[in-house]
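Throughout, read-outs are computed from the coordinates displayed, never taken from laboratory work. Just so we're clear, the structure is a prediction, and the values are computed from it rather than from any experiment. Note: ideal-geometry Cβ built from the backbone for every residue, glycine included; neighbour counts use all protein chains shown.
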Protein chains: 2
Amino acid sequence: MTQVPKTIPAEKSEDARQIRGERTRQALLEAAFDEIHQHGYRAASLNDILKTAGCTKGSLYHHFPDKHALGLAAIVDNIDRFMEANWLTPLAKADNPIDTLLTILQRHVNGEILSDVRRGCPMQNLSQEMSGLDEDFRTYLNGVHVEWRTAIADALRTGQENGQVRKDISAEAAATMIIATHQGTIGLIKTAQCTEVGNLSFEAFYQYLNSLRTTDNSTRGPKEGLAS
Amino acid sequence: MTQVPKTIPAEKSEDARQIRGERTRQALLEAAFDEIHQHGYRAASLNDILKTAGCTKGSLYHHFPDKHALGLAAIVDNIDRFMEANWLTPLAKADNPIDTLLTILQRHVNGEILSDVRRGCPMQNLSQEMSGLDEDFRTYLNGVHVEWRTAIADALRTGQENGQVRKDISAEAAATMIIATHQGTIGLIKTAQCTEVGNLSFEAFYQYLNSLRTTDNSTRGPKEGLAS
DNA sequence: CTCCACAAACCGACCGGTTGGTCTAATATC
DNA sequence: GATATTAGACCAACCGGTCGGTTTGTGGAG
């Protein structure tokens, strides 16, 4: 179930048909992701997706068995890349996990990461909408959470070994709370439709993160002040 | 727009018609809230609401102009009461804000407050779904957030004046982050469909909240340990 | 090189079902 | 009889999904 067709051309075939097909497939995935990001999965209209993708029902159902598969493929494709680029890789090669976390958060507040913070985080939107409804979506999204949490916890543990992070805290618990606070803050921003609450929340969040440093590793952020 | 009909019988009229009418109105509100809590606003089916409320379209559209008004009335009615009982009142009459916050959070983790944590917090579900879609819902929900934040910030400020809470933190920022973390944690639980992540996140959250105490006011929670 | 058989890709009318909402008639209570 | 309330058939719009038919590109045969 929930087979995500991959259709990768296998051998290096010069078949132009496959190239064209792959292009519309990508267009569909992209359009689907946009629609879902904007209206949620259930309210995402296939007809609208087709309109922006510039193709028709026939094409869609040639490439995907149903809406569910299309949606899942679009989501997985996009979120995996996002998580890898913005969280997993930076954390894995972090010199100091606290600094790295602060930097990432900073970029979220600045709107450098999410195209429009007020539209919320795609993953969070999906999690909220689908977790109680569709087990395939839920399983995937929960898996992302686990990966995410593990990456942060690992980085914190390394920091503990290197003497950068206090040893009297549970890396697992801290990582979980960091994710929760991050997601919660983005949620607040979305409801407020303005980033001021984000700054407020992150101001306290920065303090918390800095409090995780060992004392001989005095507090600072990637940019000093952010408080109003 | 978005008139929330209130229809409260006004004077003490013995008019049995109004009593009967009020009863179906309440049944509709209750059924609507359940449906919306379960499936979200957009996916909430009027026919299903009518089924559980035990009445028909005619009744519904006699009492409410449209789905929007019904939904909003159901939400406002329910959430206002919830916030008042579980957050605003306890915080207003708190001896020590930190203790009060810890107690409330404890009761969330224990599942004493939300009927089924895995179904999420009704307000959060609504915020996520509707903030980007309907300005009436968004405005109301954001107002609740503001009230909520203000209540926590006020309590923290009082605690600062009483020497229970550190004076070197911004009450506003801390209050905002507390809400974010709380909401974020519930979101994690919903996606994980199990409360373990909740315990993990709250473990770190407790530490953070205790760190807000003044030093001569040593750390403790309403119940001591919760960490695994 | 031309031509053709074949299949992948695409098209869009159409399907049954569901949605929120309307309307008229019937009913209950004064 | 007047009025508030309820009943449920009905509507247009839209939904995801199906299906018969057309286009397009290619590899092999002559």
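Step through the table entries A:LYS67/B:LYS57; A:LYS67/B:LYS51; A:LYS190/B:LYS93; A:LYS93/B:LYS167; A:LYS93/A:LYS167, compare each Cα-Cα distance with 27 Å, and write down the pairs that go over it. Flagged as over cut-off: A:LYS67/B:LYS57; A:LYS67/B:LYS51; A:LYS190/B:LYS93; A:LYS93/B:LYS167.
When the helices of the protein assembly as shown are scored as -39500 (n - 2.57) per DSSP H run of n ≥ 4 and the total is divided over every residue, the value at 222 nm lands at -21000 deg cm²/dmol.
Taking the Cα centre of chain A as reference, the dipole from Cβ charges on Lys and Arg (+1) and Asp and Glu (-1) amounts to some 260 debye. Taken about its Cα centre, the protein assembly as shown carries a charge dipole of roughly 400 debye when the Cβ of each Lys and Arg holds +1 and the Cβ of each Asp and Glu holds -1. Can you bin region A:94-228 into rounded, prolate or oblate? Criterion: square roots of the alpha carbon gyration tensor eigenvalues sorted a ≥ b ≥ c, rounded for a/c under 1.5, prolate for a/b above b/c, oblate for the rest. Cα axes put region A:94-228 in the oblate bin. For region A:137-203 and region B:40-69, what is the separation of their C-alpha centers, rounded to whole Å? The distance from the Cα centre of region A:137-203 to that of region B:40-69 comes to 40 Å. When A:ARG107, B:ARG81, B:ARG118 are sorted by how many other C-beta atoms sit within 10 angstrom of their C-beta, beginning with the fewest, the order is B:ARG81, A:ARG107, B:ARG118.
Between amide H atoms placed 1.01 Å from N, distances below 5 Å from A:ALA43 occur with no residue 5 or more places distant or on a separate chain.
Projecting the Cα atoms of A:MET83, B:ASN78, B:ALA155 onto the dipole axis of the protein assembly as shown, where Lys and Arg carry +1 and Asp and Glu carry -1 at the beta carbon, places B:ASN78 farthest toward the positive end. In this assembly of identical copies, the label point of A:GLN38 (Cα plus 7 Å along Cα-to-Cβ) is separated from its counterparts by 3.2 nm, sorted shortest first. For region B:89-178, applying the loop criterion from DSSP together with a ceiling of 13 other beta carbons within 10 Å to the GluC sites (Glu not before Pro) yields B:GLU112.
Ordering B:ALA192, B:THR181, B:SER127 by the projection of their Cα atoms onto the charge dipole of region B:94-217, which places +1 on the Cβ of Lys and Arg and -1 on the Cβ of Asp and Glu, puts B:ALA192 at the extreme positive end.
Using the Cβ of B:GLY132 as centre and a radius below 14 Å, the other residues enclosed give a net charge of -3, where K and R count +1 and D and E count -1.
With neighbours defined as other Cβ atoms within 10 Å of a residue's Cβ, the residues B:ILE178, A:ILE189 order from fewest to most as B:ILE178, A:ILE189. If you take all other residues with their beta carbon under 14 Å from the beta carbon of A:VAL117, and give Lys and Arg +1 and Asp and Glu -1, the sum is +1.
Take every Cα pair under 8 Å whose residues are at least 6 apart in sequence, average their separation, divide by the length of chain A, and the relative contact order is 19 percent.
Using only side-chain charges placed at the Cβ, +1 for Lys and Arg and -1 for Asp and Glu, the dipole size of region A:94-228 relative to its Cα centre rounds to 280 debye. Peptides B:180-187, A:50-57 ranked from most to least packed, by the mean per-residue count of other Cβ atoms within 10 Å: B:180-187, A:50-57. Proximity of backbone amide H atoms, modeled 1.01 Å from N, is registered between B:VAL165 and B:GLN160, B:THR214 at under 5 Å, excluding neighbours fewer than 5 places apart on the same chain.
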